[in-house]
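For reference, the structure discussed in these notes is given below.
The values are calculated or read from the model by the stated rules, or taken from the named source; none is laboratory data. Given the structure is predicted, the values throughout are model-derived calculations rather than measurements. Cβ placement follows ideal geometry from the backbone for every residue including glycine, while neighbour counts extend to all protein chains displayed. Protein only, heavy atoms only, side chains kept; ligands, DNA and RNA dropped before computing areas. Shrake-Rupley method; radii C 1.70, N 1.55, O 1.52, S 1.80 Å.
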Amino acid sequence: MAWRLWALGTKTGIRRTLGVFWIIDGLLKFQPGLANRGQEAYSFAMTAMGTPVPVARAILQVGRLLVAHPGLWWGLGVVELLIGIALVAGRASRMVLAVSALWALCIWVLGEGFEGLSAGSASILTGFPGAALLYAVLAVLLWPTARAEAGSVAAAGPLGRAGAKGVWALLWLSAAVVQLRSQGGPALSTAHCSWRPERNRPSSPAWTEPCWAG
């Protein structure tokens, strides 16, 4: 019975798995020392690089707020915990899925800067297309419809089987195109490598410090 409730092949299982990921993201916001590290400003400055001016200003403003008011990290964590718990519990699924998608898109834009897409530094080695964007896509695919769930989860979703396949194909193709472009530009060259420990260190959990050392 427990496996049936959590089986990844069911809409309930996928929704609850998404909820677990949100809960993990929320708990990470409560790490000791995270809210007191001024180097987060550097991380937001790097995220804003190359994005459109209005987006860059918004990213920098968010960074300034979090640096000036570290307690806001806990507020963000509470929001993500509530989203995750609601998804796992299955309460008010339409509203929660909408909030999940919108929150994920805000993170993808303001927290990840389109995962470097507009800056030309995107790469699958640095996380493109970004977990937040995948969260938003899953929320859309899980949206309740009047279709019977006789087939797959995708077939019962708002985009249908063909639409869902098209979305995933677009994500994979865009990742391939981005990676091919990065091989010919400075994004992954030896002189301007975007996969550098010092670039990822400021926004990483404290317990990953040994991974960035020497």
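Restricting the first member to segment 55-80 and to residues that are closer than 10 Å to F44 by Cβ, and the second to residues that are in a helix (DSSP H, G or I) and charged (D, E, K, R), the beta-carbon pairs closer than 8 Å and six or more apart or on different chains are G63/E40; L66/E40; V67/E40.
Reported count of residues in segment 41-93, each being more than 20 Å from the chain's Cα centre (by Cα) and of a type in the set (V, I, T), is 2.
Of all residues in segment 122-144, those satisfying the criterion of being open to solvent by less than 30 Å² (accessible area, probe 1.4 Å) and outside any helix (DSSP H, G or I) are A122, S123, F128, P129, G130, L142. Considering only residues that are within 17 Å of F128 (Cα to Cα) and outside any loop (DSSP other than H, G, I, E, B), look in segment 45-61 and name the one that is least open to solvent (accessible area, probe 1.4 Å). Top of the filtered list is A48. Within the set A164, A139, the sole residue that is at pLDDT below 90 and within 19 Å of L18 (Cα to Cα) turns out to be A164. Taken across segment 80-88, residues that are at pLDDT below 90 and either open to solvent by less than 60 Å² (accessible area, probe 1.4 Å) or part of a helix (DSSP H, G or I) (or both) do not occur at all.
From A7, A35, grab the single residue that is surrounded by fewer than 16 Cβ atoms within 10 Å (Cβ to Cβ), at pLDDT below 80 and of a type outside the set (K, R).
Only one candidate qualifies: A7.
Considering segment 62-78 alone, what residues qualify as being hydrophobic (A, V, I, L, M, F, W, C), closer than 26 Å to A139 by Cα and crowded, with 16+ Cβ neighbours inside 10 Å? Within segment 62-78, V62, W73, L76 qualify.
Collect the residues in segment 105-118 that are closer than 16 Å to A58 by Cα and either open to solvent by less than 50 Å² (accessible area, probe 1.4 Å) or outside any helix (DSSP H, G or I) (or both), keeping them in residue-number order. Once the filter is applied, which keeps residues that are closer than 16 Å to A58 by Cα and either open to solvent by less than 50 Å² (accessible area, probe 1.4 Å) or outside any helix (DSSP H, G or I) (or both), segment 105-118 yields I107, W108, V109, G111, E112, G113, F114, E115, G116, S118.
Residues in segment 10-32 that are out of contact with any Gly (no Cβ under 7 Å at 6 or more places or on another chain) and not in a helix (DSSP H, G or I) were compared, and the one that is modelled with the lowest pLDDT is P32.
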